[in-house]
Amino acid sequence: MEGVFKIIRVLKTNFYATKDNIDRLFACNRTSAQVWNDCLGLAKEHFQQTGLWIDQGMLHLATKGQYPIHSQSIQAIYEKYLDARENAHKARALGFTQIRYPYKDKKHFNTKWKKDGLRIGNNGRIELSLGLLNSRRQKPIPIRVKDLPPGKIKEIELIYDRGLQLAIAYDDGKSLKANNNVGIAAIDLGEIHTIVSVCDNG
């Protein structure tokens, strides 16, 4: 049956910031790596003690207010861990036993700001919030983008590609018609290997 679907587009772009704020952004990605590493440690400890997988609620309580980045940025990291674990579980159930559960510590990890963690101003100005730390609001990180994408910005991810860049997810208001094909393919855009994909015919 045909339908109409919204599509979220992503613009990868350079940005402008002072050196001090560039240093703060690098620090965000180091902190995000620490959150990821702690999720791995918490998950391992929980499994050793209970024989069960740690769930989202437990990760939320264990990480809440522990890091100098926005709460939604922390949430995005443990959600990414949970997604990676679930996807590995499904792949292994289908016979892809070479797929490993998340296990690698990281030195840098992309930081993501969702809608409550960013403010779009005039002339391409964006403020990236670091939220509260010890009940005190931290100073946001101001940056500037020459050409913001049209439409509603959903989230911003701080990535590294020969330098810091932004991946801006946005809804431009356009709709796409669904096709009637029945094949299914899953595609994972990686940080090291560009694309990993698998389809339902193996």
- Would you work out the relative contact order for the chain, in percent, from Cα pairs under 8 angstrom that are 6 or more residues apart? 29 percent
- Under the Karplus relation with 6.51, -1.76 and 1.60 and θ = phi - 60°, whole-Hz ³J(HN,Hα) for segment 104-119, x at Gly and Pro, equal 7, 5, 10, 9, 9, 8, 4, 9, 10, 10, 8, 4, 7, x, 9, 9
- Message: Can you give me the convex hull volume of the Cα atoms of segment 5-69, divided per residue and expressed in Å³?
- Response: 144 Å³
- Kindly provide the helix-only [θ] at 222 nm of the chain, computed as the sum of -39,500 (n - 2.57) over DSSP H runs of four or more divided by all residues, to the nearest 500 deg cm²/dmol? -11000 deg cm²/dmol
- Return the loop-located chymotrypsin sites (Phe, Trp or Tyr not before Pro) in segment 49-149 (DSSP other than H, G, I, E, B) with at most 16 other Cβ atoms within 10 Å of their own Cβ; answer none if there are none. Trp53, Phe96, Tyr103
- Once Cα Rg over 2.2 N^0.38 Å is worked out from the coordinates, which option in (i) 1.14; (ii) 1.07; (iii) 1.21 does it equal? (i)
- Among Asp20, Asp55, Asp38: highest mean-square fluctuation, GNM of the chain, C-alpha pairs under 10 Å: Asp20
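Read the figures in this text as sums done on the coordinates, not as results from a lab. From a predicted model like this one, the values you see are computed outputs, not experimental measurements. Note that each Cβ is placed from the backbone with ideal geometry, even for glycine, and that neighbours are counted across all protein chains shown.
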